[in-house]
């Protein structure tokens, strides 16, 4: 099915602990993302990169429920988040499928908030598939580092400590029970307690090893379909094993393989439930001859319909020869 896809770059690295993610959107474009989607027959509009106006949150850092050191560069991230939430909301209202190119994972505070506003407007339940090595459920009070790329899911689900980033009436919350953290293999102790208390669905790599990717993905897909929901997919480079995608500052061994990642994207495409996408944490400075960027482009292409062969074509139809 042909889709109208809008690409928006979010060159932010304020939430990360390593410089370089600011180059992520340019690297994904250079790796051929727009061309790959157009080759699949989609109408693609590249909106360029977001440039937020300088602003400050309503509350000064010392008024937060944590010390300023535990919410690094919060004024800058608040400005990005507000600008992106407004832009994301408008993109959803235009009827296309927005693809947000990062940039570090703090950008999802804005992208998903904008999507949540639209889902609230149209009365559609929002589900989030968070493909990541980390849970990203820290708050300024619990974070060991203060880096806000480890906090977006907590903000989206309404945890304390984020007052002032969005006005209350512009911050519709995501139901924690509608969040699926997938591929997780690094969780801080306080995050673990919060995740259990809030009922977030966590599919860690052990569960994937025991039951397989397909079983878990079918469960999530069936749940979203049964609710008539909108699925936002947030793909972090460190979801993948660093042997195939080294371009990330927070690499964790034991990630998804090439085929596991493609199977997820292929199943999501077939289910036709994905309405918005983040591609985040690509740090070209840490890449090897662009292989991480190229892999991400391939994965996004799979999500939008690239396949090896049309499943309607069987071996008997092609003379019984193996493909």
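Quick note: the coordinates plus some simple rules give every number you see, no bench work behind them. Remember, it's a predicted structure, so these values are computed and weren't measured experimentally. Methodologically, a virtual Cβ is constructed for each residue, glycine included, from the backbone with ideal geometry; neighbour enumeration extends over all protein chains shown.
Table for the structure above
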{"item": "Kirkwood-based shape ratio for the stretch 153-289, expressed as Rg/Rh from alpha carbons", "result": "0.97"}
{"item": "Helix 258-271 axis, angle to the chain major axis (alpha carbon atoms, nearest 10°)", "result": "90"}
{"item": "Pair residue 285, residue 259: separation of 7 Å Cα→Cβ label points (nm)", "result": "3.6"}
{"item": "For the stretch 4-308, share of DSSP beta bridges that run antiparallel, in % to the nearest 5", "result": "0"}
{"item": "Mean ellipticity per residue at 222 nm, deg cm²/dmol - from DSSP H runs of n ≥ 4 across the chain, formula -39500 (n - 2.57)", "result": "-10500 deg cm²/dmol"}
{"item": "Pairwise FRET efficiency - residue 170 versus residue 51, Cβ, R0 = 30 Å, nearest 0.05", "result": "0.90"}
{"item": "Relative contact order of the stretch 4-308, defined on C-alpha pairs under 8 angstrom at six or more residues apart (%)", "result": "23"}
{"item": "Fewest-first ranking of 273, 7, using other Cβ atoms within 10 Å as the exposure measure", "result": "273, 7"}
{"item": "Rg in Å to one decimal, and Dmax rounded to a whole Å, for the stretch 4-308 via C-alpha atoms", "result": "17.5, 54"}
{"item": "Virtual spin-label span in nm between residue 308 and residue 39, 7 Å along Cα→Cβ", "result": "1.8"}
{"item": "Label-zone membership for the stretch 223-253, site residue 209, 7 angstrom Cα→C-beta point, backbone N under 14 Å", "result": "253"}
